[in-house]
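Engineer: Dropping the structure in here first, questions after.
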Amino acid sequence: LLDHIHKKPKQLSGGQMQRVAIARALVNDPEILLCDEPTGALDTVTSVQIMDLIKVISKERLVIVVTHNPELAEQYADRIIKFSDGQIVSDSNPYEEQARESGFSLKKTSMSFLTALRLSFNNIRTKIGRTSLTAFASSIGIIGIALILSLSTGLKLQIDKIQSDFMTEYPIVVMANSMSVDRDTISELAESEKQAEFADTDSIIVHDPDKNSIMHKNELSQEYLDYVEKVDSELCNELGLVRTVSLNMLRIGESGMPVPVVSGVNMIMASSSGMGGGVSVSVNTNLYSYPIHLNKDGKTFLESNYDLLSGSYPGGKTDMLIVTDTRNRVPLSVMKCLGFTAEDGEEILLSDLVGMEFRMVTNDDYYAEQPGGMFLPGTNYREMYDSENSVTLRISGIIRPNKDSASVLLMTNGLVYSDELAAEAVEREANSAVVKAQKESDSSVFSGKPFTSEDAKKEMLMAIGGSVTPHAICLYPADFGSKGSLLEYLDGYNTDRPRAEQVDYIDMASVITSVLGTFVDGISYVLIAFAAVSLVVSLIMIGIITYTSVLERTKEIGILKALGARKKDVTRVFDAETCILGILSGVLGVLIAWLLTFPANAIIEAVADLKNVAQLQPLHALTLVIVSTLLTMLGGHLPARMASKKDAVEALRSE
C-alpha cells in the first residue's frame with residue numbers, strides 16, 4: 001500500500017481498506033487477532049487475497065474469524081465452531097477438559113529496587129512543580145559546599161602553581177649562617193619570654209644572647225661540598241656556589257682616564273674586617289651575581305622573571321646587566337659609580353648605558369705591596385686598565401622585574417654579573433700575592449689590625465678571592481616532583497651527626513606555601529561546617545515531604561499490600577522516591593555551583609588578579625551527589641518505615 005500513502009480512506013478500495021485494518025491490528029503485535037466478517041464487503045477475488053493473507057498471519061498467532069460463509073470456513077479454518085441462536089451447535093475439534101489439581105498455594109512475592117524506582121518516578125512525574133522546588137531547596141547546602149570546595153581547591157592549585165614556579169626560580173639555599181625556624185624552637189623562646197619576670201635589683205646582669213639565639217652556623221666544609229656535588233642530576237637541575245669575591249673593576253672617566261668602580265662587597269669588607277684607613281669607600285654599585293641555571297621551560301632565571309628594556313640578555317660570562325625596579329629606577333649611588341653626575345629624579349637614556357665597558361683587574365695588578373707586608377690599591381689605573389691580565393666586561397642590557405615574577409626579591413636594583421665570572425675570579429686570584437700574604441697573617445694585610453675571630457679572616461679571604469669555600473650554596477630542583485627527594489638527600493647528611501655539625505638549609509617557598517595551605521584549609525573547614533547546617537535542614541525537610549507523600553499514597557500502599565507487597569517492599573518504594581530526590585538535588589546543586597564559578601572567577605580576577613580560582617573537581621561533584629542521595633534517603637527512611645506498617649484493609653478504605 002506504499003503507493004497509496006497520501007490517499008484518504010474514501011479513495012481506497014474495499015480490499016485496500018481491509019488490508020489497512022489488518023495492518024493496524026497487527027501493529028501492537030497481538031497474540032490473538034479477531035476478524036469479524038473480513039470478506040463481507042469484498043468481491044470474490046479480493047476475498048481470496050485477504051483470506052490468504054490471514055492464513056499466513058495464523059502461522060504465528062491465533063486468528064479467530066467470525067463469518068456467515070460456511071464455504072470460507074471449510075476452506076481456511078483449522079477448527080470450526082458453529083453457532084445458532086447463541087448456542088454452540090458443533091465443534092470440529094472440541095476441547096477436552098483436564099482434571100485440576102486441588103489445593104491452593106501462595107506464591108512468594110518480591111519487588112526489585114528497579115520496580116520501586118519506576119513506581120516512584122511515575123509518582124514524582126505527577127508532581128513536577130513540588131518536586132522541582134524540593135530538589136532546589138535540598139540543593140542549597142550542596143551549592144554552598146560545592147562553591148567552598150571549588151574555591152579552596154582552586155586556591156590550593158594556585159599555591160601549588162606558585163610553589164612549582166618557585167622550584168625553578170627559588171633555589172634551596174644553604175648559607176653560612178641560617179635561622180632555625182622550626183616550630184618547637186620558636187614556641188620554646190616565646191614561652192620563656194612570656195614567663196620572664198621583671199628584675200628588681202640595683203645591678204645589671206651580663207647576658208649572652210647567643211645562648212638563646214635561633215641562628216645556626218653551618219660549616220660548609222669540603223666534606224659537605226663533596227656530598228652536595230654527588231647529588232643525583234635528575235633531582236638537582238643545577239648546583240650554584242655563591243661567592244663574596246670583590247671584582248676589581250675600572251671604567252673610563254669623563255677625563256678619558258680609567259677610574260675605579262667600587263662594589264658593595266668592598267664596603268662590607270671595610271666595615272666588618274677592619275680594612276679602615278687602607279681603602280676609602282664612598283659609593284655602592286649593588287654589585288652581585290645572578291643565577292645562570294635553566295628552568296623546566298629551558299629559560300634562564302633572567303628570561304623567566306625580568307623584561308628586557310634595552311640591549312640583550314647576557315650572551316657570555318663577561319656580559320653584565322643593570323637591574324631597575326618596576327618604575328625603571330636605579331639607585332643614585334649606582335649611577336654615580338658609573339660616572340653619571342645625575343640628581344635625584346633625573347632621567348638617563350637607556351642607550352647611554354647599554355654597551356658601557358669595564359676592565360676587571362687582577363689582585364696582583366690592583367694591589368701594591370707596601371713596606372712591612374701591607375697592601376694598598378695602586379694608583380696607576382692606566383697601567384692596570386691596559387694590562388694583558390685584565391678582562392673586559394660590558395653592560396649588555398637593562399632589565400626590570402615582569403609583573404608575573406615571583407622572584408624579584410632575589411636581586412635588588414644595581415649592576416649584576418654572572419656566577420661563572422665570580423667562579424673565574426676566585427680561581428684566578430687564589431695564588432695572588434695579597435691572598436698568600438693574608439693566609440699567612442692573623443691581621444688584616446690592609447690595615448694591620450688583628451682579626452677579632454677566625455670567621456673574620458675567612459670573610460676577608462673570601463672577599464679577595466682567596467677561599468674556595470662558598471658563602472652560600474644554591475640547589476635548583478629539576479622539577480616540582482623531585483624537590484621532596486632532594487630535601488631527603490640533604491637531610492641524609494645530618495643523620496647521626498651532632499647538632500653543631502649539622503647543616504641547615506632554607507626553603508622559604510615551602511614554608512610560605514605550607515602556611516598558606518593550612519590557612520586555606522582552616523577557613524574551608526569552618527565554611528563547610530556552616531554550609532553543612534543547611535544539609536541538616538534539608539534532611540528534616542525531606543522527612544516531612546516523604547511523610548506527606550505517605551499520606552497522599554495511602555490507598556496505593558493498600559493496593560501494593562493486597563498484591564502481596566512485603567513491608568520492606570513498601571519501604572523500598574518510598575526509599576526509591578527519596579533516592580530520586582537526592583540524586584536530583586545533588587545534580588542540581590553541583591550544576592548550579594559549577595555555573596556560579598564563572599561569575600565568581602570573574603569577580604576574583606577583577607579584585608585580586610587571580611585567574612580561574614574557583615574550580616569544581618569532578619571527584620568533589622560526584623562525592624556531593626552521593627552525599628546528597630544518602631542524606632535524603634536517611635531523612636525519608638523513617639516515614640517510609642511508617643508507611644510499611646500500615647494495615648492493608650485500612651489503607652484501602654482511605655479516600
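The values are calculated or read from the model by the stated rules, or taken from the named source; none is laboratory data. The shown structure was predicted, so the numbers you read here are calculated from the model rather than taken from an experiment. Heads up, the Cβs are rebuilt from the backbone with ideal geometry, glycines too, and the neighbour counts pull from every protein chain shown. The protein model used for the area step is the full one, side chains on, heavy atoms only, and it has no ligands, DNA or RNA in it. Shrake-Rupley method; radii C 1.70, N 1.55, O 1.52, S 1.80 Å.
Engineer: If I model a spin label at Arg130 and Ser255 as a point 7 Å from the Cα along the Cα→Cβ vector, what separation in nanometres do I get?
Structural biologist: Taking the simple label geometry, Arg130 and Ser255 are separated by 10.3 nm.
Engineer: Only residues of the range 43-82 count here: report those whose backbone N is under 15 Å from the spot 7 Å along Cα→Cβ of Glu31, or say none.
Structural biologist: Residues 60-64 qualify, since their backbone N sits under 15 Å from the label point.
Engineer: Once both labels are modelled 7 Å past Cα along the beta-carbon direction, what's the Leu630-Leu2 spacing in nm?
Structural biologist: So the label points at Leu630 and Leu2 sit 5.8 nm apart.
Engineer: On full extension of the chain, what length is gained from Thr341 through Lys645, given 0.36 nm per residue of separation minus the C-alpha to C-alpha distance?
Structural biologist: Computed gain between Thr341 and Lys645 is 99.5 nm.
Engineer: Please give, to one decimal in nm, the separation of the simple spin-label points placed at Glu420 and Gln222, each 7 Å out from Cα toward the Cβ.
Structural biologist: 2.7
Engineer: For a quick check of your reading of the filter: which GluC sites (Glu not before Pro) in the range 17-98 sit in a DSSP loop and have no more than 10 other Cβ atoms within 10 Å?
Structural biologist: Filter output for the range 17-98: Glu31, Glu96, Glu97.
Engineer: Are any of the pairs Lys127/Lys561; Lys299/Lys336; Lys317/Lys458; Lys127/Lys555; Lys8/Lys59; Lys317/Lys436 more than 22 Å apart by Cα-Cα distance, and if so, which?
Structural biologist: From the list (Lys127/Lys561; Lys299/Lys336; Lys317/Lys458; Lys127/Lys555; Lys8/Lys59; Lys317/Lys436), the Cα-Cα distance tops 22 Å for Lys127/Lys561; Lys299/Lys336; Lys317/Lys458; Lys8/Lys59; Lys317/Lys436.
Engineer: What's the FRET efficiency of Lys299 with Lys567 using the Cβ-Cβ distance as r and R₀ = 60 Å, to the nearest 0.05?
Structural biologist: Rounded to the nearest 0.05, the efficiency is 0.25.
Engineer: If the viscosity is 1.306 mPa s and the temperature 10 °C, what translational diffusion coefficient in µm²/s does Stokes-Einstein give for the range 344-451 when Rh comes from Kirkwood over Cα pairs?
Structural biologist: 92
Engineer: Separate question: Classify the range 1-131 as rounded, prolate or oblate, taking a ≥ b ≥ c as the square roots of the eigenvalues of its Cα gyration tensor: rounded when a/c is under 1.5, otherwise prolate if a/b is larger than b/c and oblate if not.
Structural biologist: Since a/c reaches 1.5 but b/c is at least a/b, the shape of the range 1-131 is classed as oblate.
Engineer: Tell me the trypsin sites (Lys or Arg not before Pro) within the range 375-469 that lie in a loop according to DSSP and have at most 13 other beta-carbon atoms within 10 Å.
Structural biologist: Answer by residue number: Lys403.
Engineer: Give me, ordered by chain and number, the residues 5 or more places off Asn248 or on other chains with an amide H under 5 Å from its own placed amide H.
Structural biologist: Amide H neighbours of Asn248: Val361.
Engineer: Rounded to the nearest 0.05, what FRET efficiency do Asp455 and Asp491 give with R0 = 22 Å and r taken as the Cβ-Cβ distance? Could you check?
Structural biologist: Efficiency at R0 = 22 Å is approximately 0.30.
Engineer: What FRET efficiency comes out for the pair Leu551/Phe83, r = Cβ-Cβ distance, R0 = 56 Å, nearest 0.05?
Structural biologist: Working from the Cβ atoms, E equals 0.55.
Engineer: Oh, and also: Tell me which trypsin sites (Lys or Arg not before Pro) from the range 328-375 have a DSSP coil assignment and no more than 12 other beta carbons within 10 Å of their own.
Structural biologist: Answer by residue number: Arg329.
Engineer: Whenever you get a sec, compute what percent of the accessible area on the range 550-655 sits on carbon and sulfur atoms (1.4 Å probe).
Structural biologist: 68
Engineer: Search the structure for amide H atoms under 5 Å from the amide H of Tyr306, placed 1.01 Å from N in the peptide plane, and list their residues when 5 or more places away or on another chain.
Structural biologist: Amide H neighbours of Tyr306: Asn402.
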